[in-house]
Amino acid sequence: MAKKKKKGIRISLSVKFSFFVALLLTGIMVALTMFIYSQEKLALSNEVKKRGTAIAKNLSNNAEEALTTNEELTLFVLAKQAVQDPMTTEAATGNFWMGVMDNIKDDMMGVNRNEKPVKNEGILDAIVVNKGKIVSASDVKRKGEDYVLPQGIRAITPGEDVLVQEYSENSKRYFDIAVPMSIGDKVLGEVHLKVSQDIITKVVSSATVKVVLITLAALIAGIIISIIVVTFMINPIKYLVTGVRAIGEGNYDVQIKMKSRDELGELTEAFNSTAKSLKEKELLKGAFSTYVSTSIMEEILKDPTRLSLHGKKVRATMLFTDIRGFTSMSEEMDPAEVVSIINEYLTLQTDKVIKWQGVIDKFIGDSMMAVYGVPFPKEDDAYRAVRTAMDIREGLVKLNSIRERRGQKTVGIGIGLDTGEVVSGNMGSPQKMDYTVIGDHVNLAARLESNAPGGMIYVSETTYNDTKEKIEYRQLDSIMVKGKKEPISIYEPVKLKE
């Protein structure tokens, strides 16, 4: 008893459409959020740099005179004034997201944090350096220490008015704003401000979260509306579902009568047209299946206008094969064994022809004829034909080896190929017709095959010229064939060229 297939979870069209709407809106939300975040962060970053630069220059100007007169108290007061108050370094580098949520909560409750502004917010440290020593700092304990630049930044060079650089410290981002101190051409030292970037990120993140909340509300509203709209739209689609099921059961006469002047109306017309076309193709398939191979029939069904069955001249490559000595061998064998051997070797050859997109024209006993270039020619027909022959030769060696291990009889296959202009079309009688090719080049390919020993491939000069750029050949002695007055040059493919 056949096992019944398990049905998967059914997902309605409205759910799928809502999912894609949600996906689209989410993408827009993410893009909009990232744009706002980057733009506002850039603007605030520039503002913080400008403010920090102004403070650093002011400190530099005021500290120059105090440094020359060695007024340590004045230097300390100036450095202390440049740093935010009362916010400390620990407060600035504390719980980031807690600060963001506090900002959003204050905005929602209408609390104005600007009633008590923080002086120089974000500046954590101010240092006055002279000859590599810290002569004054907002942290008085650092006075007298050697000044070491934060990792990843360079020292300010002569001629620079200000140098603003970014660096990381303990997974936090900071600005280092350096301004030189000088009197005339004499450089006295430099001022460094350490500015936290958390103040920028907190403000930007607060604005971004607001945008996300607004967009999320729009997303929910969009999903609800899309569900309502899709539910209204899918009712006419049920008629289409019924029609599709009828076609799936083989009923191509189905036609849907539904008038609508929108996309659903167009879809209905397209469905009716498709059903009619399928019916015509099924009739065509049934008519041609008696005398056209499957591959040709598929090409015809794709575009019937390309095919001419009344006869035309085309350039094609013909491949003939024949099992050597099989007639005499079969006289000593059981009929069932004869059929088994033929089928096994013809199956090998058929697989290779299909692999290289050839058309099997016919089987004649233990022989096969394949054509490359009909009904629709390609630029590499000759190359694919030779590759087929090489694959058959290689496969024959492997198959014979397997049969030898089994203690079974082995055979050799002779192969001949030629390329040239032939006539293709319907050949035969009203009772039985065959779509095939005829011409001198067909005959020559057959003659080459009849002269080729088992395991050998005889390639004509025209096929050789078409493929010599990709395949390495060994020229053999010329041979005389029936129907030709002059010897025929023949070549054997050896291997692919690198």
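Values for this structure:
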{"read-out": "Qualifying residues in the stretch 367-410 (those that are crowded, with 19+ Cβ neighbours inside 10 Å and among the β-branched types (Val, Ile, Thr)) - the one farthest from Tyr491 (Cα to Cα)", "value": "Val374"}
{"read-out": "Residue in the stretch 12-34 that is under 25 Å from Gly222 (Cβ atoms) and not in a helix (DSSP H, G or I) present", "value": "yes"}
{"read-out": "Selected residue (only one of Asn62, Asn70 is assigned to a loop (DSSP other than H, G, I, E, B), surrounded by fewer than 20 Cβ atoms within 10 Å (Cβ to Cβ) and modelled with pLDDT of 75 or more)", "value": "Asn70"}
{"read-out": "Which listed residue, of Ser168, Ser206, Ser182, is of a type in the set (Gly, Ala, Ser) and assigned to a helix (DSSP H, G or I)", "value": "Ser206"}
{"read-out": "Hey, Tyr435 more than 22 Å from Pro377 (Cα to Cα), of a type in the set (Ser, Thr, Tyr) and either modelled with pLDDT of 95 or more or surrounded by 18 or more Cβ atoms within 10 Å (Cβ to Cβ) (or both) or not", "value": "no"}
{"read-out": "Residue pairs meeting the criteria (Cβ under 8 Å; at least 6 apart or on separate chains; first more than 13 Å from Thr419 (Cα to Cα), in the stretch 435-461; second assigned to a strand (DSSP E or B) and acidic (Asp, Glu))", "value": "Thr436/Asp361; Glu449/Asp322; Ser450/Asp322; Met456/Glu492; Ile457/Glu492"}
{"read-out": "Residue that is farthest from Ala79 (Cα to Cα), among those in the stretch 193-222 that are of a type in the set (S, T, N, Q) and in contact with a Ser or Thr (Cβ under 7 Å, 6 or more places away or on another chain)", "value": "Thr208"}
{"read-out": "Meets criteria (over 30 Å from Phe19 (Cα atoms) and free of Cβ contacts under 8 Å to residues at least 12 places away in the same chain) for Lys133", "value": "no"}
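The values are calculated or read from the model by the stated rules, or taken from the named source; none is laboratory data. Small disclaimer: the values here were computed from a predicted structure and weren't measured. For neighbour counting, all protein chains shown are included, and Cβ atoms are generated from backbone atoms with ideal geometry for every residue, glycine included.
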